[in-house]
Amino acid sequence: MPAIPQRRLWPLFGVVAASLCLGACSSVGDRARGALTAVTPYKVEVVQGNFVSKEQVEALKPGMSRQQVREVLGTSLLTDVFHSNRWDYVFTIRRQGVEPQQRHLTLYFNGEVLDRFEGDPMPSEEEFVAQLDSRKRSGKVPPLEATEDQLKKFDPAKDKKADGDAPAAPATPPPLPAAYPPLESR
């Protein structure tokens, strides 16, 4: 049997090694695929637009000026260049584990005066905050008031008596200046 030159064995060795690696990858890949489906990636909370509450919509009245509307609702998200008499307030929020929310409110102006408005029913501020807090509640509410014993720990007059000094009178803050310096130099 003739001897095979060594330089011809290297390509054969490469093909055998590659086929062994690919065979091992397919069996490991099935297990890895199962492990990856059990792990969910973190999804960033995306909030876009202006949240408009039911209380803000109730404050809108036809006949309000554009400035008054802006003070109640803030600047609109969409202002169409071709329809300057229309402002659109759009709010979307996407959170992990919660259905995406989208709300839309459209205001129509007649010149500089609010003519009418229409849109989705808006939640009150309390309802919206309750929807945001999706954590599990333990049911146990911590006490929100300090007891008399807890307040005595922080009594500054008690600290002065312990030192032997007379209790100090409550410190009065210094008087405010008559005028503040300008924020920007002229």
Exercise. Among the residues of region 99-122, which ones are more than 18 Å from Gly49 (Cα to Cα) and not polar (S, T, N, Q)?
Worked result: Tyr108, Phe109, Gly111, Glu112, Val113, Leu114, Asp115, Arg116
Exercise. Which one of the conditions (1) in a loop (DSSP other than H, G, I, E, B); (2) at pLDDT 70 or above; (3) among the hydrophobic types (A, V, I, L, M, F, W, C) does Ala168 fail to meet, given that it meets all the rest?
Worked result: (2)
For this session: Give me a count of the residues in region 74-86 that are crowded, with 18+ Cβ neighbours inside 10 Å and at pLDDT 90 or above.
Result: 0
Problem set entry | Residues (under 20 Å from Gly63 (Cβ atoms), surrounded by 15 or more Cβ atoms within 10 Å (Cβ to Cβ) and of a type outside the set (Val, Ile, Thr)) located in region 87-129 | Trp87, Tyr89, Leu105, Leu107, Phe109, Leu114, Phe117, Gly119
For this session: Return yes or no: is Val141 surrounded by 10 or more Cβ atoms within 10 Å (Cβ to Cβ) and either part of a helix (DSSP H, G or I) or at pLDDT below 80 (or both)?
Result: no
For this session: Select, from Val16, Val46, the only residue that is hydrophobic (A, V, I, L, M, F, W, C), at pLDDT 65 or above and touching a strand residue (DSSP E or B) at 6+ places or on another chain (Cβ under 6 Å).
Result: Val46
Problem set entry | Extreme residue, nearest to Gly119 (Cα to Cα), among residues of region 74-95 that are in contact (Cβ under 8 Å) with a residue 24 or more places away in the chain and among the hydrophobic types (A, V, I, L, M, F, W, C) | Val90
Problem set entry | Filter pass, Val98 being aliphatic (A, V, I, L, M), in contact with a Ser or Thr (Cβ under 7 Å, 6 or more places away or on another chain), without any contact (Cβ under 8 Å) to a residue 40 or more places away in the chain and closer than 19 Å to Phe128 by Cβ | yes
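The values are calculated or read from the model by the stated rules, or taken from the named source; none is laboratory data. From a predicted model like this one, the values you see are computed outputs, not experimental measurements. Quick reminder, even Gly has a Cβ in these numbers, built from the backbone with ideal geometry, and neighbours come from all protein chains shown.
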